[in-house]
Amino acid sequence: MKNKYIFGGIIIALFLGIMGYLFTQSNIKYESDFSVVKTTDKTVKATGSWVKEKNYEMNNEARTFTFFMKDEKGNEMKVVYEGAMPNNFESATSVVVTGTYKNGYFHAKDILTKCPSKYQDQQSAQTSSM
């Protein structure tokens, strides 16, 4: 009878521990300051812009896409993404990368780009309707 309660208590404690771990892993923060991104071990969404002067690099053998980003303060960091370059990357006004910073560069799991032409059409339509 007592073993049944102990076993149930262990299962409940294990379940709560797993849920707490999953909650902290899925709680991803947006960060626009790269000095903070470089000091955290957690997964973050870093926002900034592509440094066009440093260009980008595609490695087809390793299937990596590498580029440099800078934040609003001018801090730069190297980003390595395992996958193909996003379609509108070269025309993007801002970039959001999701991942972690380790070994001197940011390991991106996902890249989102903001395309300027999509928003320019909306602005011109709004100003013409006024």
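The values are calculated or read from the model by the stated rules, or taken from the named source; none is laboratory data. Keep in mind that this is a model prediction, so the values were computed, not measured. Reconstructed Cβ throughout: ideal geometry from the backbone, glycine too, with neighbour counts over all protein chains shown. These area figures cover heavy atoms from the full protein model, side chains too; ligands, DNA and RNA do not enter into them. Shrake-Rupley method; radii C 1.70, N 1.55, O 1.52, S 1.80 Å.
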Item checked: Helix axis angle, 116-129 relative to the chain longest principal axis, alpha carbon, degrees -> 70
Next item on the list: Could you please put TYR105, TYR5 in sequence from largest to smallest accessible area, using a 1.4 Å probe?
Entry: TYR5, TYR105
Checklist line | Percent of alpha-carbon pairs separated by more than 17 Å within the chain | finding: 66
Note to self: Not counting ligands, DNA or RNA, and with a 1.4 Å probe, what is LYS54's accessible surface area in Å² rounded to the nearest 10?
What the structure shows: 100
Item checked: Accessible area of the chain belonging to carbon and sulfur atoms, whole % at 1.4 Å probe -> 54
Margin query: Quick check: from the Cα gyration tensor, does the stretch 71-118 come out rounded (a/c under 1.5), prolate or oblate?
Written below: oblate
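Expected output is a single nm value to one decimal: the length gained when fully extending between SER94 and SER49, i.e. 0.36 nm times separation in residues minus the C-alpha distance. What is it?
Full extension from SER94 to SER49 adds 15.7 nm.
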Margin query: Quick check: the angle from helix 2-26's long axis to the longest principal axis of the chain, C-alpha only, nearest 10 degrees?
Written below: 10
Item checked: Relative contact order for the chain, counting Cα pairs under 8 Å that sit 6 or more residues apart, in percent -> 19
Next item on the list: Starting from one equal scatterer on each C-alpha and no solvent at all, send me the Debye-based log10 I(q)/I(0) for the stretch 40-89 at q = 0.16 Å⁻¹, two decimals.
Entry: -0.50
Notebook entry, point to check: How much length is gained on full extension from ILE11 to CYS115, taking 0.36 nm per residue of separation minus their Cα-Cα distance?
Noted result: 32.6 nm
Next item on the list: Would you mind getting me the FRET efficiency between ASN60 and LEU22? Use the beta-carbon distance for r and R0 = 30 Å, nearest 0.05.
Entry: 0.25
Checklist line | Integer Hz, Karplus 6.51/-1.76/1.60 couplings in order for the stretch 66-79, x for Gly and Pro | finding: 10, 7, 10, 10, 10, 8, 5, 8, x, 6, 10, 8, 7, 10
